[in-house]
1. Classify the stretch 73-120 as rounded, prolate or oblate from the Cα gyration tensor: take a ≥ b ≥ c as the square roots of its eigenvalues, call it rounded if a/c is under 1.5, otherwise prolate when a/b beats b/c and oblate if not.
2. Let me know the longest stretch in the chain that avoids all GluC sites (Glu not before Pro) found in a DSSP loop with at most 12 other C-beta atoms within 10 Å.
3. Given 0.36 nm per residue, what is the gain on full extension from GLN145 to ASP18 after removing their alpha carbon distance, in nm?
4. Check cross-link reach from LYS57 to the lysines: straight Cα distance under 24 Å, and skip same-chain residues fewer than eight apart.
5. Could you calculate the contour length gain from SER25 to PHE77, that is, 0.36 nm times the residue separation minus the distance between their Cα atoms, to one decimal place in nm?
6. What does the convex hull of the alpha-carbon atoms of the chain project to on average, in nm²?
7. Nearest 0.05, what FRET efficiency do THR59 and THR154 give at R0 = 35 Å with Cβ-Cβ as r?
8. Tell me, LYS57, LYS16 in order of fewest to most beta-carbon neighbours within 10 Å?
Amino acid sequence: MKIENNLVVQIHYTLKDDQGEILDSSAEHGPLPYIHGVGALIPGLEKELTGKKAGDKFTAVIAPADGYGDYDKEQVFQVPADGFDGDDELELGMQVQLDSENGPMTATITAIDGEEVTLDLNHPLAGVSLHFDVEVVEVREATKQELEHGHVHTPGHHHH
Ligand code: ZN
């Protein structure tokens, strides 16, 4: 069965950056199950997977535009440190939730300078070329319920 929209696919993958550093891998938590074509994966990787079948292995380099987006300097800004409530000590690299007109957003603290904190709303992998090693583990039809829910039902899956 070849991968096409609305099929359930399981992949093993290793993701590296340009320097060959491993950013993410399915080795620890097992193959990643997803429904093809519903936007669960970044667009560039879905494109590479289309038409592949179980057992296929491939490598792909995906440009930021087809991954987590280009890095946008406009998404970086300073706020006063005393604007943060909560008990957590602010640390570099910490992710904080912000309320915006478009709902909650996640920002990363990229600098702390006295009373001023720099927040970056870019995805941590924005501007990064993504080097994937992928192995297709399984391709199967989705159940009606999986398509309705928009996610894969694996053993132990809980419904809310
Ligand atoms: Zn469900």
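What follows is calculated from the coordinates using simple rules that are stated; it is not laboratory data. What you are looking at is a predicted structure, and each value in this text was computed from that prediction instead of being measured. Because the Cβ atoms are built from the backbone with ideal geometry, glycine has one as well, and the counts that use them run over all protein chains shown.
1. On the way: a/c = 1.65, a/b = 1.24, b/c = 1.33.
Since a/c reaches 1.5 but b/c is at least a/b, the shape of the stretch 73-120 is classed as oblate.
2. Numbers: sites that count: GLU21, GLU28, GLU89, GLU91, GLU101, GLU115.
Counting at most 12 other Cβ atoms within 10 Å as exposed, the longest clean stretch of the chain is 29-88.
3. Values: separation 127, 0.36 × 127 = 45.72 nm, distance 3.94 nm.
My answer for the length gained is 41.8 nm.
4. Filter leaves LYS2, LYS16, LYS47.
5. Details: separation 52, 0.36 × 52 = 18.72 nm, distance 3.13 nm.
Computed gain between SER25 and PHE77 is 15.6 nm.
6. Numbers: hull surface 48.1 nm².
Answer in nm², one decimal: 12.0.
7. Details: r = 26 Å, r/R0 = 0.75.
With a Förster radius of 35 Å, E is 0.85.
8. Values: LYS57 10, LYS16 19.
So the residues, fewest neighbours to most, are LYS57, LYS16.
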